[in-house]
């Protein structure tokens, strides 16, 4: 009978976070590129996710949803695992990778034992965001790179051709 290997030390544990609620904290040093966990939960449609979670009626935004495709969302509040407790940061040490219909969380730089794990949620924008939306999705990461929101960075506006700008009058300028 071959010798049994020692059980792998789980890469993180869940505890209170200064950023938001509970967070995931490294239980050992983690190497850049290390796969930490798969994001699991019930697979539902976007329509079902919208019916379950009405952001405008919630006192604060809090879901465990991860969009995998145009058809599928993972709801980690149903059958999910500890991946759902990895908080957002605008300067993350992890990233979420979609491979096929699965989502994995990988380290993008070395992480010291005891450090909190983060990835950038980067909620997609559709261009209709209001001041209320920006307030609903406020970021509390506190990093130097904080953009103030868990929404994806705004796409830079494409510069207009010089001739188009010259035709605008002050009254009609954007």
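We did not get these values from a lab; they are worked out from the coordinates using the rules stated. Just so it is clear, the model here is predicted, and its values are computed rather than measured. Methodologically, a virtual Cβ is constructed for each residue, glycine included, from the backbone with ideal geometry; neighbour enumeration extends over all protein chains shown.
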Worksheet item: Working out 0.36 nm times the residue gap between residue 129 and residue 45, then minus their Cα-Cα distance, what length gain in nm do you get to one decimal?
Response: 28.0 nm
Fill in: residue 63 paired with residue 14, simple spin-label distance in nm, labels 7 Å along Cα-to-beta-carbon
1.9
